[in-house]
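The values are calculated or read from the model by the stated rules, or taken from the named source; none is laboratory data. Only a predicted model underlies this, so the values are computations on that prediction, with no experimental measurement involved. Counting neighbours? That spans all protein chains shown, and the Cβs are built from the backbone with ideal geometry, glycine included. Note: accessible area is taken over every heavy atom of the protein model, side chains too, but ligands, DNA and RNA are not part of it. Shrake-Rupley method; radii C 1.70, N 1.55, O 1.52, S 1.80 Å.
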Amino acid sequence: MTAHVWVKDDGFLFTGIFSKQRAAFLNDGPPSAAARRADLAKLKQALLARQTAIEAAVSKDFGYRAPYETRIMEINPIVQTINYLRRNLTKWMRPERRRVALHFRPGRTKVVYQPLGVIGIISPWNYPVSLALIPLATAIAAGNRAMLKPSEMTPATSELLRSMLRELFPEDQVAVVTGGPEAGAAFARLPFDHLIFTGSTSVGRSVMKEAAGNLVPLTLELGGKSPALIGPDADIEAAATSIAFGKLANAGQTCIAPDYAFVHEKDAAAFVAAFDATARKFYPRGAADRNYTSIINAKHYNRLQKLIDDARHKGAKIIEVSDAGNSDSRKFAPAIVLNVTDDMAIMQEEVFGPALPVMTYRNLDDAIGYVNRKPHPLALYYFGKNSEDQQKILMRTTSGNVTINDTLMHYVQDDLPFGGVGLSGMGAYHGHEGFKSLSHAKGVFQQSRWNFARILHPPFNKTTDMVIRYFQR
Ligand code: NAD
């Protein structure tokens, strides 16, 4: 064990909690399926009982977020995940029989799924409830104990999570610790059995360095620029509606939001008009609209303003869509950004806000080429009817996940793994993959009393030679 780490932020003794969880895990052994299902049910009930308080806490942290948005984008996906985990975990916990090579028969092989032990979870601010509780539910389903470090940018929500989880679980099973980057770094240095980090690619790099000290295996759920490619035969209105939904929900502060769009040059004007009309339909009351979310803090608001100013300065055309912007309440004006070039900051960093750069192409292959010259995105969206084009997109681009003819929706498919690739992350959770990544798949070979392997024991002789040759056929 490493030395105790006393973290200044809130004086919490992280290693003390960690040691308690590890000791309890070793003492109690893996929980039964019934115990895991009961814990998950308890979590779901507590969540639903506190729905209104959660919506209020998130809204307070953001400056404003519509309760329905929190319900649709956070609470319901957690409930759906918990239901799915509860339905499947007994099946997933069963040992799997595997094939045994002829010369090892009648020995038997199986894979046993064993909880890893203590899981660390570091979560971001943009969906502060679901990105903390979905990994936690997955850890519980796989029979683990867990420590959670939510974001310091959402203090009201983090406090609510802490008090809710403290009521539900003993500290040696589930614990919440708080603090900023310094606490995060100390947390990442704990010798967890697995660490799930959700956040930016740059912080992901330091988390990986910290975790390397103990060779802690990681799931890194990072960000990046997720493109929306609109095929030449796409229904432009439907594509604009989906992209506006994906881009403007949570005011674009979504890791899998479509970052920029690529449209055939013949459709550019129609797409801009349809996006504008949809934004106005979604937020008809302009700046007073109670469905449009604020930007988390002044720093991020100013960062977005700088992206727009830099693009404008370098020759981009900014079209404000809808009148939902209001700097007093940090509601950033939704915008389309045309004539973008690679030297603009908006085309280099993840936008993470309600501004959509729109690029045009003549040939779909050029758009594919552009995407492939950039780091692998977390999500990729394709709109179009032609199945050959759909297939080409799937086979010729690499991204964490893909949704065809919509945005965001792969995230809420229970049975799909969710994760990035390359700079957008490593490993996946959700689906069966989530259970597997927080379990140890232990291969077990059970030898039989009579077996061929003994023929190969020394002393070696002619029979050894014959057997070796036989198996080299
Ligand atoms: P962030 O990386 O700044 O912070 C995430 C968490 O890491 C916070 O809890 C923070 O306190 C902690 N942290 C900060 N410095 C640390 C350090 N040195 N060591 C350990 N922990 C540290 O990210 P953010 O601003 O909260 O979230 C936005 C980013 O997250 C975007 O890039 C977005 O795309 C990404 N994201 C990804 C997913 C996904 O599922 N892949 C989901 C949501 C957000």
### Query
Based on the mean of other beta carbon atoms within 10 Å per residue, what is the order of 444-456, 239-251, 291-303, most packed first?
239-251, 291-303, 444-456
### Task
Using only Cα atoms, find the angle between the long axis of helix 51-62 and the longest principal axis of the chain, and express it within 0 to 90 degrees, rounded to the nearest 10.
60
### Summary
For L380, other-chain or 5+-apart residues with amide H closer than 5 Å (H placed, Pro excluded) are N401, V402, T403
### Query
Which value, in debye to the nearest 20, describes the size of the charge dipole of the chain about its Cα centre when Lys and Arg Cβ atoms bear +1, Asp and Glu Cβ atoms bear -1, and nothing else is charged?
2360
### Query
What ranking do 361-373, 253-265 get when scored by the average of other Cβ atoms within 10 Å per residue, highest first?
253-265, 361-373
### Message
If you fit an axis through the alpha-carbon atoms of helix 298-313 and take the longest principal axis of the Cα set of the chain, what angle between them do you get, 0 to 90°, nearest 10?
### Response
60
### Query
Along the Cα-to-C-beta direction of A49, a point sits 7 Å from the Cα; which residues of the stretch 132-168 have their amide N less than 17 Å from that point?
160-168
### Query
Which FRET efficiency value, to the nearest 0.05, do you get for L456 and K110 by plugging their Cβ-Cβ distance into 1/(1 + (r/R0)^6) with R0 = 30 Å?
0.80
### Query
Ordered by residue, what ³J(HN,Hα) values in Hz, to whole numbers, does the stretch 384-400 give under the Karplus form 6.51 cos²θ - 1.76 cosθ + 1.60, where θ = phi - 60° and Gly and Pro are x?
x, 9, 5, 6, 5, 5, 4, 5, 4, 4, 5, 7, 9, 10, 10, 8, x
### Task
Using the structure shown, select from K281/K385; K20/K436; K44/K331; K91/K436; K392/K436; K281/K331 the pairs with a Cα to Cα distance greater than 21 angstrom.
K281/K385; K20/K436; K44/K331; K392/K436
#### Entry: Mean accessible surface per residue for the chain, computed with a 1.4 Å probe while every protein chain stays in place, in Å²
44
### Task
Putting +1 on Lys and Arg Cβ atoms and -1 on Asp and Glu Cβ atoms, find which of T360, P375, N88 reaches farthest to the positive end of the dipole of the chain.
N88
### Query
Using alpha carbons only, how many degrees (0 to 90, rounded to 10) separate the axis of helix 364-373 from the longest principal axis of the chain?
60
### Message
Out of the total accessible area of the chain (probe 1.4 Å, heavy atoms of protein only), what percent is carbon and sulfur?
### Response
55
### Query
Which of the peptides 425-432, 216-223, 42-49 is most tightly packed, and how do the rest follow, going by the mean number of other Cβ atoms within 10 Å of each residue?
216-223, 425-432, 42-49
### Task
Kindly write out, for the stretch 258-273 in residue order, the coupling ³J(HN,Hα) from the Karplus curve 6.51 cos²θ - 1.76 cosθ + 1.60 (θ = phi - 60°), rounded to whole Hz, with x marking Gly and Pro.
x, 7, 9, 10, 10, 10, 4, 4, 5, 9, 4, 5, 5, 5, 4, 5
### Task
Return the long-range amide H neighbours of Y361 (sequence gap of 5 or more, or a different chain), with a cut-off of under 5 Å between placed amide H atoms.
V263, H264, E265
### Message
Taking 22 Å as R0, compute the FRET efficiency from the Cβ-Cβ separation of Y470 and S448 and round it to 0.05.
### Response
0.65
### Task
Calculate how many DSSP beta bridges within the chain are antiparallel, expressed in % of all such bridges and rounded to the nearest 5.
40
## Note on the structure
One would report the antiparallel percent of DSSP beta bridges in the stretch 227-419, rounded to the nearest 5, as 20
